[in-house]
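For reference, the structure is listed below as structure tokens.
The values are calculated or read from the model by the stated rules, or taken from the named source; none is laboratory data. Please read all numbers here as calculations on a predicted model, not as lab measurements. Positions of Cβ are backbone-derived with ideal geometry, glycine not excepted, and every protein chain shown enters the neighbour counts.
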Amino acid sequence: MADGEAVMTETAKTYPVPEAFAAQANLTPEKYREMYAASIEDPEAFWGEHGKRIDWIKPYTTVKDVSWETGDLHVKWYSDGVLNVSANCLDRHLETRGDKPALIWEGDEPGDSHTLTYRQLHTAVCKFANVLKKLGVKKGDRVTIYMPMILEAAYAMLACARIGAVHSVVFGGFSPEALAGRITDCESDFLITSDEGVRGGRKVPLKVNADKAADIAGGMVKTMLVVKRTGSDVAMQDGRDHWLHEAADGISADCPPEPMNAEDPLFILYTSGSTGKPKGVLHTTGGYLVWASMTHDYVFDLKEDDVYWCTADVGWVTGHTYIVYGPLANGATSLMFEGVPTYPDASRFWKVCDDHKVSLFYTAPTAIRALMREGEEPVRATSRSSLRVLGTVGEPINPEAWEWYFHVVGEQRCPIVDTWWQTETGGAMIVPLPGATDMKPGAGSHPFFGIKPALVDAEGNILDGATEGNLLITDSWPGQMRTVYGDHQRFIDTYFMAYPGNYFTGDGCRRDEDGFYWITGRVDDVINVSGHRMGTAEVESALVSHDAVAEAAVVGYPHDVKGQGIYAYVTLVAGVEPDDALLKNLVQHVRAEIGPIASPDLIQIAPGLPKTRSGKIMRRILRKIAEDEYSNLGDTSTLAEPEVVNDLIDNRQNKK
Ligand code: ATP
Ligand code: MG
């Protein structure tokens with residue numbers, strides 16, 4: 001069979017690993033199976049061995065100390081080991097990779113770019129760390145980082161790690177209220193920001209927002225360190241605010257890394273808030289770094305000369321694990337992008353790939369769908385010949401978008417790694433490791449080493465074989481979150497009460513006849529139509545596979561006869577006008593794709609969908625609108641464009 005051709009199995013379209021890729025892949029199906037079996041049979045031995053992939057100041061003698069019993073819940077890995085994360089990301093590479101590019105920064109404006117070697121990055125981080133010390137930051141202090149995607153954001157994170165401070169990065173697109181909430185929650189008195197950010201040709205008033213947040217937080221913020229990005233005039237408060245370039249003037253580049261216990265906190269990061277109030281997820285030092293480094297290596301088939309680009313913002317966990325900690329721990333070259341996929345035009349991603357010879361590329365379904373809307377031309381106008389692996393994360397990827405990514409962007413050469421994971425898991429958990437498995441568009445596929453997934457029904461009965469249910473993980477892994485910061489009970493309640501002894505992911509999942517896992521969406525979003533349980537992802541993917549549809553979100557609403565009816569919000573491809581015939585056609589299309597049971601009862605054509613700032617569709621808001629109960633929409637502070645909600649309310653199909 002030729003490369004890039006699919007076969008139809010009983011369950012889904014299946015693509016074999018592209019031949020040329022398989023010939024050079026680090027993993028084979030056999031090696032994956034062997035390593036996976038070893039990781040499950042004897043986790044202590046497996047992680048004892050793989051923990052050595054990073055450098056320890058004092059080696060660990062214990063590997064795993066975990067109890068998931070709700071009375072005594074604790075998660076510890078390598079707990080008597082001592083190490084420093086920044087030394088692992090920098091110092092240990094100096095001898096062999098000192099002159100290798102560590103970070104490539106690509107600015108918002110094309111042509112504005114800058115490359116930094118490991119040696120240069122080491123110097124920059126040591127100086128930054130000395131500035132933090134000079135301004136009074138101590139081991140264990142929480143430091144909030146509210147920054148655009150500039151190199152100093154990475155310096156700040158690594159500098160905290162170097163001196164043992166705990167960072168809490170807050171995405172630069174968040175409002176002053178959202179920032180203040182996160183500052184207060186972790187009692188952080190030190191804030192790092194910049195005068196302004198630049199995204200898609202527009203300026204973002206970060207310092208102004210930071211000032212407002214400091215006011216709202218009522219005196220909590222004692223020190224602000226400000227990085228100059230645009231040079232616009234900003235107000236500086238005497239005694240509280242310091243310019244980085246002034247504070248760093250003449251500062252020493254000598255800053256020995258602080259020896260940290262493996263279980264000392266590394267960072268706090270708040271979840272996206274798709275389902276409610278964001279949780280302050282706490283990750284620690286040793287296990288997290290092993291997990292970040294190991295998953296980055298295997299998920300991307302990493303080679304020494306790769307140029308790797310993850311398009312996430314450092315404000316999300318993807319930016320933590322897969323822009324900064326994973327790649328740098330592995331001595332890789334990581335690209336950091338300040339801009340957006342469509343500025344100055346829809347070719348931008350692929351032009352950057354050509355300019356910097358990017359070989360490993362990682363983005364989100366929302367970006368792929370947005371670019372798909374613009375057609376193939378902006379992609380075809382570029383070469384992309386350096387690309388080797390394409391990744392996705394954040395939401396289920398609709399098979400339609402997967403096919404486009406595979407055929408149009410990757411020209412059938414590059415395996416697609418659809419990585420399912422969460423802020424809580426620290427790194428990838430269910431993923432088709434490249435070279436190790438056939439690919440099914442839309443399937444998360446197989447567990448990473450050490451991950452034991454299980455599917456259960458509502459009563460907690462473990463389901464065998466081909467089935468669908470709630471997704472649990474039945475044993476700990478080194479990258480697991482350790483607690484909700486300041487609220488250990490919330491950690492227990494959220495993840496361990498529903499199915500005692502197991503970690504509950506909150507996601508629904510299907511396992512097919514070939515043992516592939518398919519994430520079907522959040523459990524809260526499951527629809528029950530006349531007793532048939534349905535994941536939202538499946539109905540949405542059926543809609544998106546229609547030529548006229550760019551994006552779709554599906555929720556349930558109370559229905560007199562069926563219990564729940566299906567309400568679909570649909571965004572059309574640029575240039576398509578909605579009419580009755582199209583609506584009928586969409587219903588027919590879903591019936592044909594899935595069956596009559598999945599027919600949408602109501603379809604609302606929407607110019608835009610409410611999304612979190614990380615680009616995830618926020619179905620809980622759509623559910624309220626569909627229920628015609630929109631007076632209390634819950635926490636909307638993490639919405640990217642709150643105004644789309646009003647339009648949706650005005651045009652809802654279900655008015656009482
Ligand atoms: P909150 O927990 O505050 O509601 P959130 O769950 O959106 O927010 P994240 O940790 O950013 O916060 O997202 C993790 C969730 O994203 C997963 O639980 C899953 O629902 C979804 N997800 C991430 N990657 C994938 C993927 N590859 N396939 C399917 N779903 C994914
Ligand atoms: Mg979540």
Can you find even one residue in the range 371-381 that is of a type in the set (Lys, Arg), assigned by the TED database to the domain that holds THR419, touching a Pro at 6+ places or on another chain (Cβ under 9 Å) and over 19 Å from ILE416 (Cα atoms)? no
Checklist (1) of a type outside the set (A, V, I, L, M); (2) more than 16 Å from ligand 1 (Cβ to nearest atom); (3) modelled with pLDDT of 95 or more applied to ASP457, failing item: (3)
Given (1) in contact (Cβ under 8 Å) with a residue 60 or more places away in the chain; (2) in a helix (DSSP H, G or I), where does VAL66 come up short, assuming only one miss? (2)
Failed condition for LYS228, given (1) more than 16 Å from ligand 2 (Cβ to nearest atom); (2) more than 17 Å from SER194 (Cα to Cα): (2)
Of the residues in the range 428-444, those that are under 29 Å from PRO278 (Cβ atoms) and either modelled with pLDDT under 95 or away from ligand 2 (no atom under 16 Å from the Cβ) (or both) number 3
Residues of the range 514-537 satisfying the condition of being more than 12 Å from ligand 1 (Cβ to nearest atom), at pLDDT 95 or above and of a type outside the set (A, V, I, L, M, F, W, C): ASP514, GLY515
Being assigned by the TED database to the domain that holds ILE40 and either crowded, with 21+ Cβ neighbours inside 10 Å or not basic (Lys, Arg) (or both) is the requirement here; does GLY506 meet it? no
Could you please tell me which pairs satisfy a Cβ distance under 9 Å, a separation of 6+ or placement on different chains, a first residue in the range 346-367 that is touching a residue at least 24 places away in the same chain (Cβ under 8 Å), and a second residue that is within 16 Å of ligand 2 (Cβ to nearest atom) and part of a helix (DSSP H, G or I)? TYR362/THR318; ALA364/THR318
From THR318, THR333, THR342, THR295, residue being more than 16 Å from ligand 2 (Cβ to nearest atom), over 20 Å from ASP91 (Cβ atoms) and touching a Phe, Trp or Tyr at 6+ places or on another chain (Cβ under 8 Å): THR295
Evaluate the range 284-303: report whether one residue or more is within 16 Å of ligand 1 (Cβ to nearest atom) and either without any contact (Cβ under 8 Å) to a residue 60 or more places away in the chain or among the charged types (D, E, K, R) (or both). no
Members of the range 328-359 found to be in a helix (DSSP H, G or I) and β-branched (Val, Ile, Thr), listed by number: VAL352
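If the requirement is being among the aliphatic types (A, V, I, L, M) and touching a Pro at 6+ places or on another chain (Cβ under 7 Å), which of these qualifies: ILE451, ILE492, ILE519?
ILE519 is the lone residue from the list that is among the aliphatic types (A, V, I, L, M) and touching a Pro at 6+ places or on another chain (Cβ under 7 Å).
Conditions (1) in a loop (DSSP other than H, G, I, E, B); (2) of a type in the set (Ser, Thr, Tyr); (3) at pLDDT below 95, marked per residue:
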position: GLY239; (1), (2), (3): yes, no, no
position: THR295; (1), (2), (3): no, yes, no
position: TRP309; (1), (2), (3): no, no, no
position: ASP313; (1), (2), (3): yes, no, no
position: TYR322; (1), (2), (3): no, yes, no
position: GLY326; (1), (2), (3): no, no, no
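Can you tell me which residue within the range 294-337, out of those that are of a type in the set (D, E, K, R) and within 18 Å of PHE349 (Cβ to Cβ), is surrounded by the fewest Cβ atoms within 10 Å (Cβ to Cβ)?
My answer is ASP306.
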Need at least 2 residues that are within 16 Å of ligand 1 (Cβ to nearest atom) per element, so show me which strands (runs of 3 or more DSSP E) inside the range 540-656 make the cut, counting only ones lying wholly within it. 549-559
Selected residue [within 16 Å of VAL137 (Cβ to Cβ) and charged (D, E, K, R)] from ASP238, ASP301, ASP254, ASP264: ASP264
Of the residues ILE566, ILE621, only one is within 16 Å of ligand 2 (Cβ to nearest atom) and not assigned by the TED database to the domain that holds ALA367; which? ILE621
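Looking only at residues in the range 308-322 that are among the hydrophobic types (A, V, I, L, M, F, W, C) and either closer than 14 Å to THR419 by Cβ or within 11 Å of ligand 1 (Cβ to nearest atom) (or both), which one is farthest from the chain's Cα centre (by Cα)?
Among them, the one singled out is CYS310.
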